[in-house]
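K.L.:
Handing you this structure, nothing more for now.
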Amino acid sequence: MSTPLIHISALVKSYPAPQPLRIGNLSVAATDRLVLGGLDEGAAEMFVHLVTGAALPDEGIVSIGGRDTREISTDTEWLTSLDQFGIVTRRAVLLETLSVAANLALPLTLAIDPMAPDVRARAERDAVDVNLTTARLDGPVNALSELERLQLHLARAAANGPRLILLEHPTAALDQKADSRSFAGALRAFSNARAFGWIAISNDEEFAKATAGRRMRLDTGTGKIKSGGWLNSLLS
């Protein structure tokens, strides 16, 4: 059996919340597509910090590619581990007055004015692959809808070819169920086209169903993980 990209065991992590985050056992391969429910915004942020090595567990183990994150001792080792992940989060900064194309290009190069033809072509391809219309590329980011901003975040997260993308409550700012389904479809198609896995931390049932990903729910108080959506969790 191959080593999972992420393995978490007997984890306890205190953070600014009444109770610590607990995860009993979770293994995720680089090819997995998983919707993980049960985490609020703070717990989702801490989960991402733990997986990326930005935070260490108080108890238990987080291992990435078979290596305990506590063993990462240099900046180079940390960046090498971090490069395996892309992150979709509202905490990520978009340069609001720059064009959408420039924001798509920045993970690849700082030379955006003028933009090289090959970089422009890559920005156009990335936009198309996340269902972001190319008509938006030359307009500023601050003119985008919430769905379009989310599509932009997804394209940027995948820019450098991560093995797996972590999404923190991606649809929380979307008002319409149709937008949740639309983003789920974009994520599904994009991950198929670029061959990356993902973990979407989300309590949005509409989004979760439309991703066609494996669905699990964490009880952050006990650390137990159950298969299925919120309804299955309530009935079990």
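Quick note: the coordinates plus some simple rules give every number you see, no bench work behind them. Predicted model, so just to flag it, every value in this text is computed and none were measured. Cβ placement follows ideal geometry from the backbone for every residue including glycine, while neighbour counts extend to all protein chains displayed.
K.L.:
Have a look at the DSSP beta bridges in the chain and tell me what percent are antiparallel, nearest 5.
P.N.:
Antiparallel: roughly 55 percent of the beta bridges in the chain.
K.L.:
Can you compute the FRET efficiency between residue 29 and residue 222 using 1/(1 + (r/R0)^6), with r the Cβ-Cβ distance and R0 = 25 Å? Round to the nearest 0.05.
P.N.:
The value I calculate is 0.55.
K.L.:
So for each of 162-169, 23-30 I average, over its residues, the number of other beta carbons within 10 Å; can you give me the resulting order with the highest mean first?
P.N.:
Averaged packing, sorted descending, gives the order 162-169, 23-30.
K.L.:
In terms of Cα to Cα distance under 20 Å, which lysines are near enough to residue 209, apart from those fewer than 8 places away along the same chain?
P.N.:
177, 226
K.L.:
Using 7 Å Cα-to-Cβ label points, what is the residue 68/residue 143 separation (nm, one decimal)?
P.N.:
Each label point lies 7 Å from its Cα, and together they span 5.4 nm.
K.L.:
Now a separate question. How large is the charge dipole for the chain, taken about the Cα centre, if only the Cβ atoms of Lys, Arg (+1) and Asp, Glu (-1) carry charge, to the nearest 20 debye?
P.N.:
About 700 debye.
K.L.:
Another question, then. Short version: what are the Cα gyration tensor semi-axes of the chain, square root of 5 times each eigenvalue, largest first, in whole Å?
P.N.:
Three semi-axes, in Å: 30, 21, 15.
K.L.:
Excluding residues on the same chain fewer than 8 positions from residue 224, give the aspartates and glutamates whose Cα lies under 18 Å from its Cα.
P.N.:
40, 58, 59
K.L.:
Take the alpha carbon atoms of the stretch 61-96, find their center, do the same for the stretch 123-138, and report the distance between the two centers in whole angstrom.
P.N.:
When both Cα centres are located, 27 Å separates them.
K.L.:
Pairs of alpha-carbon atoms within less than 8 angstrom and 6+ residues apart define the contacts here; what relative contact order does the chain have, in percent?
P.N.:
Normalised by residue count, the contact order of the chain is 29 percent.
K.L.:
How are the Cα pair distances of the stretch 104-192 distributed, in percent, across 10 Å bins from 0?
P.N.:
So the P(r) values, bin by bin, are 16, 51, 29, 5.
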